[in-house]
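Let me begin by presenting the structure, written as structure tokens, before commenting on it.
The values are calculated or read from the model by the stated rules, or taken from the named source; none is laboratory data. Worth saying up front: this structure is predicted, and the values here are computed from it rather than measured. Neighbour counts are summed over all protein chains in view; Cβ atoms, including those assigned to glycine, are modelled from backbone coordinates with ideal geometry. To get the accessible areas, we keep the full protein, side chains included, count just its heavy atoms, and leave off ligands, DNA and RNA. Shrake-Rupley method; radii C 1.70, N 1.55, O 1.52, S 1.80 Å.
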Amino acid sequence: QRFVRRVEIADPAGFAAVHGRGVLYLANHQLDLESALFVSLIAALQGTVTTAIARQELGESWIGPYFDICFQHPQIVDPHMLLLIDRASPEAVFRSLEGALERTRSQQNSLLVHVEGAHALQARQPVEVISTALIDLAVAKGVPIVPLRFAGGLGVDAVAEPLAFPVGYGQQDFLIGAPLHPEFLAPLPSAERRGRVLAALNGFDERLRHETPNP
């Protein structure tokens, strides 16, 4: 309630069709806070536990202890909503993602990946970098890809360093795009798959070009 203004679902029927099914959310990255809030909120909307893939350093900030506190109650089982990876080792990153996507397929556990890794420092930043290997892996595992845009948390002018909370302690919008199903992407060559996913990540009408921080 404090930091999320609204959740917008571009394709309600398509989103309903993947309810309870493990999916791969591919997203931009504005704030530390968005990962924790999204995986908590989307569980109720989409009906699966969602795990955020995060850099090792995030677990050493306040985010790691925050998750620990959330699941300290003896009658709550920790759903493992945060998976920390060491980005210094590409092989370790790929192995972690492969294992996580296998759980997405077999255990209906959804996954959130910020595709560029690093935070944006200002609003209106399109996603430009995405791993073709990750897309191909999702297709091979039969996992739907759901594009996700975090918006409204940054100003038009760049900040000096990545932020944990929205500019002015305002609110973000979570924009959920239409699912891209593996059977749709499978016949396409890798480069075209990548193009389709990038287009979906940057395709939220005119919102991207005219984004300003939310009140």
Portion, in percent, of the accessible area of region 114-156 that falls on carbon or sulfur, probe 1.4 Å: 51
Radius, Kirkwood style, for the chain when every pair of distinct Cα atoms is counted (Å): 17.5
Value of [θ]222 nm, deg cm²/dmol, for the chain, DSSP H segments ≥ 4, -39500 (n - 2.57) each, nearest 500: -10500 deg cm²/dmol
Accessible area of the chain divided out per residue, in Å², using a probe of 1.4 angstrom: 48
Of all DSSP beta bridges in the chain, antiparallel share, percent nearest 5: 20
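With +1 on each Lys and Arg Cβ and -1 on each Asp and Glu Cβ, how big is the dipole of region 4-86 about its Cα centre, in debye rounded to the nearest 20? Mind showing how you got there, number by number?
Values: 4 positive and 9 negative charges, 68 e Å.
Roughly 320 debye, rounded to the nearest 20.
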Loop trypsin sites (Lys or Arg not before Pro), region 1-36 (other Cβ atoms within 10 Å of the site Cβ: 13 or fewer; DSSP): 2
Contact order normalised by residue count of the chain, Cα under 8 Å, 6+ apart, percent: 31
By average C-beta atoms within 10 angstrom, highest first, the peptides 150-158, 185-193: 150-158, 185-193
